[in-house]
Amino acid sequence: MTRPEVPAERKSFVYQPSGGPVAEWYLSVACEEPGRTAGDRGLFSAMHPLQCVLQVQRSLGWGPLASVSWLSLRMCRAHSSLSSTTCPSPERQEDGARKDFSSRLATGPTFQHFLKSASAPQEKLSSEVEDPPPYLMMDELLGRERKVYLETYGCQMNVNDTEIAWSILQKSGYLRTSNLQEADVILLVTCSIREKAEQTIWNRLHQLKALKTRRPRSRVPLRIGILGCMAERLKEEILNREKMVDVLAGPDAYRDLPRLLAVAESGQQAANVLLSLDETYADVMPVQTSPSATSAFVSIMRGCDNMCSYCIVPFTRGRERSRPVASILEEVKKLSEQGLKEVTLLGQNVNSFRDNSEVQFNNAVSTNLSRGFATNYKAKQGGLRFAHLLDQVSRVDPEMRIRFTSPHPKDFPDEVLQLIHERDNICKQIHLPAQSGSSRVLEAMRRGYSREAYVELVHHIKESIPGVSLSSDFIAGFCGETEEDHVQTVSLLREVQYNMGFLFAYSMRQLSKRSATDLCGRNDGNLKVIFPDADMEDVNNPGLRVRAQPGDYVLVKITSASSQTLRGHVLCRTTLKDSSANC
Ligand code: SAM
Ligand code: SF4
């Protein structure tokens, strides 16, 4: 069998059976419940995991396991993570990759090289076989005074992220410019929360493409990078659709920017979209964009664990984690010394703050939620909570105003409300995103409260902090929302009398690449398999046509694959025992 043609942009990725004729690969999969999302766990089974792997190897006919070992070895030298990849430009790949690949395979390490105690074949270790050169030399990581133009889209978190990214690049020797025309590197800090935000970036990329194409050859080539949520959400789609994008960096990958840009300098696309469980950029002091500014954002936590059903944030910004109190206080003190008069503490759920970095506080009982509110996740324990942080921050400089955004209504215990009431420098302003005035819609949104609980909290806040300014976010047009639900939202707006409201039309976010009519299961090797919902034969009842139900085992013919998902069409309903006979 001949080697399948793999698209150029795939060639330098860790082996994946994508892009070419995957040939005949049959799996039995157990169906998940329809309508479950990408994050849901599903049943799964396939008959012969090894057999499946071997069949793929045979069909590809070019020893993928050997290529995995060699590429993995190279990745270990080059990168800190597997989510961090580089793609040579198509021209360079065409002539170099195949030759390079087979010669590396021929001279690559043998089994003996991996055994510490074994005496490896001398001729392979002698100086005649050169160790491959290091991937990047230290000086290549330096900015060499290249000028960076940063453009920010979306929320205040992105404004703060821009400052963090700039702080990292500045340390590496890059210069900043506010003039697009003189930039050597253009970085867009992007937002994915609604489709319109993403469309704005796609349009901007088209403009930048023209700028890149028109660039005189006498200047260093212009490099374009996508940072933040859109890089995280669309990953390969951006690299594939917009060939002029050189760098992708997800919200937790800004420290890697110097390396990614250095890779881009050599004409390759570079990406790192690895999400972290603990990255808070605690030691990166953001550089204030305007030296004459009187206010600043201070990021105190990142990510979100709430999983509201309409929201992409947990997928683009990852798990919730908080920055240590000490580093926040250090930053606030510096800002006070610089004469700033206002800081806004930032986070996706700023008042869910929980610093677990100091073990002595980890046995403390967890703070109560607001009355009538629940979490979607398992209750967390201990740590230093938002009330403690707010207390400490407000003591740094009595003449410095403290604000915070964006809070979640579930995390307003009395300690927080009392502090806001009694401290002169904590602003008497609370953003209290309601999202809807209908309990039915709130449940579908997985918000963890009813309209009644929300209204009770509003009354409690108004009593605890006389004169408080309240604002809120609302979404209109959520799936299944009726006219009656909408009327209830309008009535909540009237009842609470907010000082300010942010009203959004619901924007459907993709969580999964499958359409509503597709079904999904997992094979024995735990790979996700997507296939259209269609009639099929039941092997135990010949002649009977059935549709797959949750928990069924079905035989699927795989027709294509991406890095994480297989696609195919369903052949028949089966059992584990019967399916062995077919594979
Ligand atoms: N974490 C805060 C909370 O939920 O209480 C809000 C932060 S969220 C990043 C900002 C706002 O974007 C949300 O309050 C919501 O109103 C809006 N939003 C999020 N996903 C949306 C979607 N798919 N369509 C429309 N608006 C959306
Ligand atoms: Fe999104 Fe806010 Fe819900 Fe988190 S709490 S999922 S950020 S809307």
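The values are calculated or read from the model by the stated rules, or taken from the named source; none is laboratory data. From a predicted model like this one, the values you see are computed outputs, not experimental measurements. Neighbour counts run over all protein chains shown; Cβ positions are idealised from the backbone, glycine included. What goes into the accessible areas is simple: the full protein's heavy atoms, side chains included, and nothing from ligands, DNA or RNA. Shrake-Rupley method; radii C 1.70, N 1.55, O 1.52, S 1.80 Å.
Need the full-extension length gain, E463 to F361, defined as separation in residues times 0.36 nm minus the C-alpha distance. One decimal, nm. Present the calculation step by step, with values, prior to reporting the outcome.
Details: separation 102, 0.36 × 102 = 36.72 nm, distance 3.12 nm.
So the extension gain works out to 33.6 nm.
Given H placed 1.01 Å from N in the peptide plane, which residues other than close sequence neighbours of I426 have an amide H under 5 Å from its amide H?
Correct list: I402.
Taking a label point 7 Å from the Cα of Q156 along the Cα→Cβ vector, which residues of the range 416-451 have an amide N closer than 16 Å to it?
420, 425-433, by backbone N distance to the label point.
Using the structure shown, select from K196/K235; K196/K557; K196/K462 the pairs with a Cα to Cα distance greater than 26 angstrom. Let's see the in-between values first.
Values: K196/K235 18 Å; K196/K557 37 Å; K196/K462 35 Å.
With Cα atoms farther than 26 Å apart: K196/K557; K196/K462.
Could you give each residue of the range 567-575 its phi-based ³J(HN,Hα) in whole Hz, using Karplus coefficients 6.51, -1.76, 1.60 with θ = phi - 60°, and x for Gly or Pro?
Using θ = phi - 60°, the values come out as 10, x, 10, 7, 9, 6, 7, 9, 10 Hz.
For N179 and R215 in one chain, what is 0.36 nm times their gap in residues minus the Cα-Cα distance, to one decimal in nm?
On the way: separation 36, 0.36 × 36 = 12.96 nm, distance 1.47 nm.
This chain segment gains 11.5 nm when fully extended.
Given V185, S218, G228, which one lies farthest toward the positive end of the charge dipole of the range 180-256, if we put +1 on the Cβ of every Lys and Arg and -1 on the Cβ of every Asp and Glu?
S218
A270's amide H: which non-local residues (gap 5+, or another chain) put their own amide H closer than 5 Å, with H modeled 1.01 Å from N in plane and none for Pro or chain starts?
Sorted by chain and number, the residues that satisfy this are C87, V247, L248.
Between A326 and A534, what is the label-point separation in nm under the 7 Å Cα-to-beta-carbon projection?
6.2 nm
Hey, can you rank 385-396, 204-215 by average C-beta count inside 10 Å, highest first? Could you put the intermediate results ahead of the total?
Working: 385-396: 20.4, 204-215: 13.7.
Result, highest mean Cβ count within 10 Å first: 385-396, 204-215.
Which value in nm describes the separation of the simple spin-label points at S560 and T482, placed 7 Å from the Cα toward the beta carbon?
Going by the 7 Å Cα→Cβ label model, 4.0 nm.
Taking amide H positions as placed in the peptide plane 1.01 Å from N, state which residues far from S469 in sequence (5 or more) or on other chains have amide H under 5 Å from it.
Q429, I430
Leaving out ligands, DNA and RNA, what percent of the accessible area of the range 478-583 is carbon and sulfur, probe 1.4 Å? Mind showing how you got there, number by number?
Details: 3040 of 5970 Å².
Ligands and nucleic acids excluded, carbon and sulfur give 51 percent.
Counting only heavy atoms of the protein chains, get the accessible area per residue of the range 448-583 (1.4 Å probe) and round it to a whole Å² value.
Values: 7120 Å² over 136 residues.
For the range 448-583, the solvent-accessible area averages 52 Å² per residue.
Kindly rank 345-351, 531-537, 478-484 from highest to lowest mean number of other beta carbons found within 10 Å of each residue.
Working: 345-351: 24.0, 531-537: 16.3, 478-484: 12.6.
Answer by packing, highest mean first, reads 345-351, 531-537, 478-484.
How far, in nm, would the chain grow between L277 and R395 when pulled straight, counting 0.36 nm per residue and subtracting the alpha carbon separation?
Working: separation 118, 0.36 × 118 = 42.48 nm, distance 2.99 nm.
The L277-R395 span can extend by a further 39.5 nm.
Estimate the FRET efficiency between Q381 and T110 by the formula 1/(1 + (r/R0)^6), using the beta-carbon distance for r and 51 Å for R0, to the nearest 0.05.
On the way: r = 50 Å, r/R0 = 0.99.
The formula returns an efficiency of 0.50 here.
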